[in-house]
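This report concerns only the one structure given below.
The values are calculated or read from the model by the stated rules, or taken from the named source; none is laboratory data. What you see is a predicted model, and the numbers here were worked out from it, not measured in a lab. We place every Cβ from the backbone using ideal geometry, glycine too, and count neighbours over all the protein chains shown.
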Amino acid sequence: MRGFDLSPYRRAAIGFDRLFDFLENASRSELDNFPPFDIEKLGEDSYRITLAVAGFKPEELEVTAQQNMLVISGRKAESREGHFLHVGIAARAFERRFELADFVRVTGANLSDGLLSVDLVRELPEAMKPRKIEIVTQRPQLAAIRSGASEERAEEAKAA
């Protein structure tokens, strides 16, 4: 995706600026896989992001929900002391950003067994939800006017 020019599409697609910005930012982002994470769909409109944050305490983690952006960061408070022969447990600071769709909000976060779970729900406003429109065969006013006009024509025909 690096080197792919989206400018011709930007000129032809009005109102899709956010999508193109997202694609360009995704292509520029580092390929850092720390910490590993899962995204799970729990129901029709509910999701969960789970990050493996073993070794981090709750006060060393921060979950921030901004408009259309979820930022999860971790900063270790103390440095390791001792003489290590091998260091395989990551203790470095991190920051993960997740682009959220419109009307998605964070409902909570839970740290258990080294896994940080962040629950999300999509709530469409009533104005955005699909609604059923009733179909009528005739408008009552038109039906009355038409039947009145028909009766007048019938009376005129009898009189003539």
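A quick yes/no check of all residues on (1) surrounded by 10 or more Cβ atoms within 10 Å (Cβ to Cβ); (2) in a strand (DSSP E or B); (3) modelled with pLDDT of 80 or more; (4) of a type in the set (Lys, Arg):
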residue	(1), (2), (3), (4)
ARG105	yes, yes, yes, yes
LEU111	yes, yes, yes, no
LEU120	yes, yes, yes, no
LEU142	no, no, no, no
GLU151	yes, no, no, no
Filtering region 47-66 down to residues that are touching a residue at least 60 places away in the same chain (Cβ under 8 Å) and under 16 Å from ALA101 (Cα atoms) yields TYR47, ARG48, ILE49
By residue number, the members of region 65-84 that are touching a Leu at 6+ places or on another chain (Cβ under 8 Å) and either within 21 Å of GLY114 (Cβ to Cβ) or in a loop (DSSP other than H, G, I, E, B) (or both) are ASN68, LEU70, ILE72, SER73, GLY74
